[in-house]
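The values are calculated or read from the model by the stated rules, or taken from the named source; none is laboratory data. Since the structure is predicted, the reported quantities are computational estimates derived from the model, not experimental observations. Heads up, the Cβs are rebuilt from the backbone with ideal geometry, glycines too, and the neighbour counts pull from every protein chain shown.
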């Protein structure tokens, strides 16, 4: 399974499915990370984590650990 | 609404300019209150232009989901029946995500007015929003405003008053027809008591299996089963879960609306992106961050802030007094120098526009009014009350400067980047990237350090940071370190230069160790806080909000912490000045034949003797050592002065070798001496910082936990130092050595053991998820 955390800086991809459950999953969905959403990984923090993605026209910071529940193409 | 009172709720995403609007329309005469049950702030105030309109500022949220306390309290308020109309503030530069909350608010069935904020920025970007079409699509009025530039606000509130008179309508927007069918069926199963304009909202919530809504509606067993069957069937048809279906539908509706109402100018790189390219750059990000933090620290704590605080402490509130604009200061200093030993006889008022310190002024006024010089009242007022207030006020200038800078960094959007850059380091210890700022500030002073935790939204992270941040040695602890070094090595200037960093390491170790231990306890158990955070576009903060931000924080400190510190100082004054001597209890300095060391007979000495057994395993069991620790609670720099008076070394300073010898003489071994130092550096901070902790925790229980933990941790570390010194250097072994070893093993176990099962880990979930996928 390829996840959001595996997408390289500068690359774009599309979300296939959100795994996990509860607050984190719902929070990600509320922020617009749902099935079929395309996004771009803009940059990675100086220490390698978290990553910044551009989704639905705004910038979002997400830890790789949490990005692991987002399955992408 | 018989009395034509209108209640308006302000809702919106974080960072949409909601607070700017609130401050603008209410003139910021709002008060901060807590919602019952959860510690989420809501603000309420009257509209400036019309006192019949009450505005309630809800916390910034992304959704009305039942998961976060902010979202819960927002929807509880919306559904409470109090608000007559909701102003949904929408960041017009980010329509898509902002409309997601707007749709949910519209679904509540309340009359809604959508305020498209940052209209000026939309125009600047060259985008066009068709508000008429948007209004039709959403089924509610849409107004363009700019809270920053004060545009469109009057029109907005004319519309708000009109809408408040309406009943609220069934929302206009529709989901996919297959979903609508299911929602219709659910609506039909709702009890008749649910009013027409709320039926849609509850139908959607039941579809999502929202636990709170289910409880509230309380369907009969058959109906609940019927609804569940419908939802399950729909989930199977869509091959997705109910929550995802609804979210997907909402974003679908939004995509549709945006297609029709928004014309985007061709994308070009915004200023914000250009700034971000540099400041969060993979290579430059960290150095830039270090430079910015150094500047903040340098200005607020070392240079300007330090100068102002010294002025407040020594001259304004102390006995030194001051010259208006410094005129005459040089002449006076020269005269004092020339007078030598007779310095006291030089009258400062001769050399310029001299204003005596408040302590002196109050003292003089009291004596002139017939109060006995140095008597009970004089001492209580000058040494107790004025000194107490002075101790509080001394921190205010530093805090003010610090908050001016931190609030700016926060309001302009840089703080979110700090969390982005530092998160990696801090989350290992159960903290978040935002914990860095409080720790840094604490190395100057713990009071603003603890106050700076205000920027951490997450409650668990904030509590953990508040509990651990004062382990970092603050400026007032430096004299203690110098005194220790002098006593142990006999030289505070050269050797201390390399030994004092050891105490910083001790502080850093205390923070890291505590983080690692605490995050595995029940107190902080549960899911780790997700760190999914919007990185808002940079913008120059509205001066008004910025100033208000600073004022609110300073005032909260002066008011709340002020009462605690004030009371505590008076109590300590009482304890050290009252006692029994020659069989009578009373004010000690006034008693006949009492020596200079009247504190030996004070209540403080009695209490010190009572509790000194606690410190016996740490090697210092005299009441003086206990009394020193107590005086450290008033202000850490007091420890040195009190040591001077208790040990009868007149005019003692931490660099005074006679004090070193006397101080070292208090302890049986060097280990005990270091243990005493470690205990005092790590235990509960001064009353001012404790007041700030109480303020930030906003809960008596958590305040007790924080202070209790700090003292216990300090005691254990002190025990380690003393016992292991005895064991390794002196070769002594005893009961407490065993205790120390057991505690050390327990501590190491807690630090290094993996996260216990009851806590949630991403790994488990990912494994479970991939297992499900492969199955």
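A few remarks follow.
- Meets criteria (part of a helix (DSSP H, G or I), at pLDDT 80 or above, in contact with a helix residue (DSSP H, G or I) (Cβ under 6 Å, 6 or more places away or on another chain) and more than 14 Å from chain A (Cβ to nearest Cβ)) for residue B:608: yes
- Every residue from the stretch B:146-189 that is in contact with a helix residue (DSSP H, G or I) (Cβ under 9 Å, 6 or more places away or on another chain) and more than 23 Å from residue B:253 (Cβ to Cβ): B:146, B:147, B:148, B:149, B:150, B:151, B:152, B:153, B:156, B:157, B:167, B:189
- Going through (1) in contact (Cβ under 8 Å) with a residue 12 or more places away in the chain; (2) part of a strand (DSSP E or B); (3) surrounded by 21 or more Cβ atoms within 10 Å (Cβ to Cβ) one by one, residue A:52 falls short only on (1).
- Scanning the stretch B:338-383 for residues that are modelled with pLDDT under 75, loosely packed, with under 13 Cβ neighbours inside 10 Å and part of a helix (DSSP H, G or I) returns B:338, B:339, B:340, B:341, B:342, B:343, B:344, B:345, B:350.
- Residue satisfying all of: in the stretch B:54-80; assigned to a loop (DSSP other than H, G, I, E, B) and modelled with pLDDT of 85 or more; farthest from the other protein chains (Cβ to nearest Cβ) among these: B:80
- The condition of being in contact with a helix residue (DSSP H, G or I) (Cβ under 7 Å, 6 or more places away or on another chain) and either away from every other protein chain (no Cβ under 14 Å) or surrounded by fewer than 17 Cβ atoms within 10 Å (Cβ to Cβ) (or both) holds for only one of B:291, B:227, that being B:227.
- Restricting attention to the stretch B:686-711, the residues that are over 16 Å from residue B:472 (Cα atoms) and at pLDDT 90 or above add up to 6.
- Residue identified as surrounded by fewer than 24 Cβ atoms within 10 Å (Cβ to Cβ) and within 30 Å of residue B:389 (Cα to Cα) among B:664, B:689, B:684: B:684
- Any hit, the stretch B:240-263, residues being surrounded by 16 or more Cβ atoms within 10 Å (Cβ to Cβ), farther than 18 Å from residue B:112 by Cβ, more than 14 Å from chain A (Cβ to nearest Cβ) and touching a helix residue (DSSP H, G or I) at 6+ places or on another chain (Cβ under 9 Å): no
- Flag for residue B:272 being part of a helix (DSSP H, G or I) and in contact with a helix residue (DSSP H, G or I) (Cβ under 8 Å, 6 or more places away or on another chain): no
- Residue B:684 part of a helix (DSSP H, G or I) and assigned by TED's automatic domain parsing to the domain that holds residue B:626: no
- The stretch A:14-37, residues that are within 25 Å of residue B:413 (Cβ to Cβ) and either touching a residue at least 60 places away in the same chain (Cβ under 8 Å) or more than 7 Å from chain B (Cβ to nearest Cβ) (or both): A:33, A:37
- The set of residues in the stretch A:38-56 being within 29 Å of residue B:262 (Cα to Cα), in contact with a strand residue (DSSP E or B) (Cβ under 6 Å, 6 or more places away or on another chain) and facing another protein chain (nearest Cβ under 8 Å) consists of A:43, A:52.
- Restricting attention to the stretch A:7-19, the residues that are outside any loop (DSSP other than H, G, I, E, B) and more than 24 Å from residue B:239 (Cβ to Cβ) total 1.
- Filtered by the rule that a residue be in a loop (DSSP other than H, G, I, E, B) and surrounded by fewer than 23 Cβ atoms within 10 Å (Cβ to Cβ), the stretch B:81-102 gives B:81, B:82, B:84.
- Selection within the stretch B:589-605 - surrounded by fewer than 21 Cβ atoms within 10 Å (Cβ to Cβ) and either modelled with pLDDT of 80 or more or part of a helix (DSSP H, G or I) (or both): B:589, B:590, B:598, B:600, B:601, B:603
- Evaluated against (1) surrounded by fewer than 21 Cβ atoms within 10 Å (Cβ to Cβ); (2) touching a helix residue (DSSP H, G or I) at 6+ places or on another chain (Cβ under 8 Å); (3) at pLDDT 85 or above, residue B:762 falls short on exactly one condition, (3).
- Top-ranked residue in the stretch A:57-73 [being within 9 Å of another protein chain (Cβ to nearest Cβ) and surrounded by fewer than 20 Cβ atoms within 10 Å (Cβ to Cβ); ranked as farthest from the chain's Cα centre (by Cα)]: A:57
- Which listed residue, of B:537, B:561, B:547, B:556, is within 14 Å of another protein chain (Cβ to nearest Cβ), within 30 Å of residue B:27 (Cα to Cα) and either modelled with pLDDT of 80 or more or assigned to a helix (DSSP H, G or I) (or both): B:537
- Any chance residue B:703 is in a helix (DSSP H, G or I) and farther than 27 Å from residue B:673 by Cα: yes
- Of the helices (runs of 4 or more DSSP H) lying entirely inside the stretch B:135-243, those carrying at least 3 residues that are touching a residue at least 40 places away in the same chain (Cβ under 8 Å) and within 30 Å of residue B:544 (Cβ to Cβ) are B:153-165.
- Scanning the stretch B:112-134 for residues that are part of a loop (DSSP other than H, G, I, E, B) and either buried (at least 23 other Cβ atoms within 10 Å of the Cβ) or without any contact (Cβ under 8 Å) to a residue 24 or more places away in the chain (or both) yields a single hit, B:118.
- Filtering the stretch B:622-641 to residues that are assigned to a loop (DSSP other than H, G, I, E, B) and buried (at least 19 other Cβ atoms within 10 Å of the Cβ) leaves B:635, B:636, B:637.
Condition check ((1) without any contact (Cβ under 8 Å) to a residue 12 or more places away in the chain; (2) closer than 25 Å to residue A:65 by Cβ; (3) within 14 Å of chain A (Cβ to nearest Cβ)) across all residues:
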site: B:418; (1), (2), (3): no, yes, yes
site: B:423; (1), (2), (3): no, yes, yes
site: B:435; (1), (2), (3): no, yes, no
site: B:448; (1), (2), (3): no, no, no
site: B:467; (1), (2), (3): no, yes, no
